[in-house]
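Presented below is the structure to which this report refers.
The values are calculated or read from the model by the stated rules, or taken from the named source; none is laboratory data. Worth saying up front: this structure is predicted, and the values here are computed from it rather than measured. Because the Cβ atoms are built from the backbone with ideal geometry, glycine has one as well, and the counts that use them run over all protein chains shown. Protein only, heavy atoms only, side chains kept; ligands, DNA and RNA dropped before computing areas. Shrake-Rupley method; radii C 1.70, N 1.55, O 1.52, S 1.80 Å.
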Amino acid sequence: MPDVVVTENIVGSPMDSLRGDFDVLFDPDLWKDPHKLLLAVASAKALVVRNQTRVTAEAIRAGEDLRVIARAGAGLNNIDVEAATGAGVVVAYTPDENSVSVAELALGLMLALARKIPAADRDTRKGGWARREFTGVELMGKTLGVVGLGRIGALTAARARAVGMTIIAHDDFIDAAAPAVLDLDARLMPLDDLLAQADFVTCHVPLTDSTREMFDYDGFSKMKPGAMFVNTSRGEVVDEEGLQRALEEGKLGGAALDVRQTEPPELGPLGEMDNVILMPHVAAFTEEAQHRVVASVCRDVRAVLEGGEAAAYANFASPRRPDSASG
Ligand code: MLT
């Protein structure tokens, strides 16, 4: 019976070393089959996932000997953290390890939209040389609206300031005295005001009941004509039909989406638009971030299985199951 069940493609030297010391079931397709997942979890002490595995209350109940669920990433929306907490199971995750990579992609997507890089590349490969058509805009002097000024939002804003952008921000959980606001010389404001004032909007909120579809047609319609929208957070915070309509009606200048309402998505009308950039949820996928992420989850799984404490967790550092002390 495996001690550790890995349900997605989580590889690298820290995982090799974990596999050397524990019985690990590595099945990168397991997330696709909830029934097989339940069977595998039933005997596991640790479950290691990315964002595609739905770790439901049912799966947690099935894991009678489960001590730790380790999420290789920052978002916890695919894990029933409340159920895990109720069952005394540690939820380890990696809130910091990929923030820089996500922030760098967000800035890259802003530049790609501003200079129409993907569309110009496609056209040039087809033999075009449409220099006028690919006239872009500068980021310098533009206003960036950051929705969610947490770790990733603040890192994105810092990078945007380095290219001469002014920062405005919306965040329900901080006030004007927050260090991020002061460091970035940002102005906090209600979402509607931000949408009306920003030339670029970048979204960095977690998926919760209150952020689901927080960007809809009405919101996009409030944006400045020609403004651009970037989402590297969670696809479900955007109503894609509303975005599509706003783009079709020319209310927005462009959009770049690393994340989608359904993943993987159908190509759909957004895939036909030249001012839309689509990416396959890879903001966190850099060599550096993935090494840190895998090292972090493997360290925490090892620590918990050896009777120690996780270092990065969403609920508690060591299991609270009545029988977990027995090892
Ligand atoms: C994250 O939540 O860390 C990123 O979106 C990457 C992922 O989901 O695996």
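Heavy atoms only, probe 1.4 angstrom, no DNA, RNA or ligands counted: give me E82, E58 ranked by accessible area, highest first.
E82, E58
Just reorder I152, I10, I117 by solvent-accessible area, largest first, 1.4 Å probe, all chains present.
Per-residue accessible area, sorted high to low, gives I117, I152, I10.
Set the bar at 29 Å for Cα to Cα. Now go through K32/K251; K126/K222; K142/K251 and name every pair that lies beyond it.
K32/K251; K126/K222
Which GluC sites (Glu not before Pro) from the stretch 248-305 combine a DSSP loop assignment with at most 14 other Cβ atoms within 10 Å?
Here the GluC sites (Glu not before Pro) that fit, given the DSSP loop and packing criteria, are E249, E266.
If you take the charge dipole of the chain about its Cα centre, with +1 on Lys and Arg Cβ and -1 on Asp and Glu Cβ, which of P2, A227, S210 is farthest toward its positive end?
With unit charges placed on the Cβ atoms, the residue in question is A227.
How about K116: which aspartates and glutamates have a C-alpha closer than 12 Å to its C-alpha, ignoring those fewer than 8 places off in the same chain?
Of all the aspartates and glutamates, those that pass the test against K116 - Cα under 12 Å, at least 8 places apart if same chain - are E133, E138, D274.
Obtain the nm distance between the two label points defined at H291 and Y217 by a simple spin-label model: each point lies 7 Å from its Cα along the Cα-to-C-beta direction.
The modelled label-to-label distance comes out at 4.8 nm.
Rounded to the nearest 10 Å², what accessible area does R122 show when all protein chains are kept and the probe is 1.4 Å?
Near enough 100 Å² of accessible area.
Measuring with a 1.4 Å probe in the full set of protein chains, what accessible area per residue, in whole Å², belongs to the stretch 221-266?
40
At 1.4 Å probe size, with no ligands or nucleic acids counted, give the accessible surface of M214 in Å², nearest ten.
In the full protein context, M214 sits at about 40 Å².
Excluding G271 itself, calculate the net charge of residues whose Cβ lies under 13 Å from the Cβ of G271, where each Lys or Arg counts +1 and each Asp or Glu counts -1.
-2
Leaving out ligands, DNA and RNA, what percent of the accessible area of the stretch 99-278 is carbon and sulfur, probe 1.4 Å?
Carbon-and-sulfur percentage of accessible area, whole number: 51.
Solvent-accessible area of H35, probe 1.4 Å, all protein chains present, reported in Å² to the nearest ten, please.
Only protein atoms counted, so the area is about 120 Å².
What is the helix-to-structure angle for 151-162, meaning the angle in degrees between its Cα long axis and the longest Cα principal axis of the chain, kept from 0 to 90 and rounded to the nearest 10?
Between the helix axis and the principal axis of the chain, the angle is about 30 degrees.
Which is the longest part of the chain that has none of the chymotrypsin sites (Phe, Trp or Tyr not before Pro) sitting in a DSSP loop with at most 10 other Cβ atoms within 10 Å?
174-327
So, in nm, how far is label L267 from label R320 when the simple model puts each one 7 Å beyond its Cα toward the Cβ?
5.0
In the Gaussian network model of the chain, springs joining C-alpha atoms below 10 Å, which of V163, V237, V297 carries the largest mean-square fluctuation?
Largest GNM mean-square fluctuation: V163.
How much length is gained on full extension from D65 to N275, taking 0.36 nm per residue of separation minus their Cα-Cα distance?
Here the answer is 70.6 nm.
Just L149, L25, L76 to compare: in a GNM of the chain, with alpha carbon springs under 10 Å, which one fluctuates most?
L25
Based solely on its DSSP helices, what 222 nm [θ] is calculated for the chain when runs of n ≥ 4 H residues each add -39,500 (n - 2.57) and the sum is averaged over all residues, nearest 500 deg cm²/dmol?
For the chain, the value works out to -10000 deg cm²/dmol.
Nearest 10 degrees is fine. How inclined is helix 99-114 to the longest principal axis of the chain, computing both from alpha carbons?
Helix 99-114 sits roughly 20 degrees off the main axis of the chain.
Taking a point 7 angstrom from the Cα of K36 along the C-beta vector, which residues in the stretch 1-28 have backbone N less than 15 Å away?
Residues passing the 15 Å test: 5-10, 25-28.
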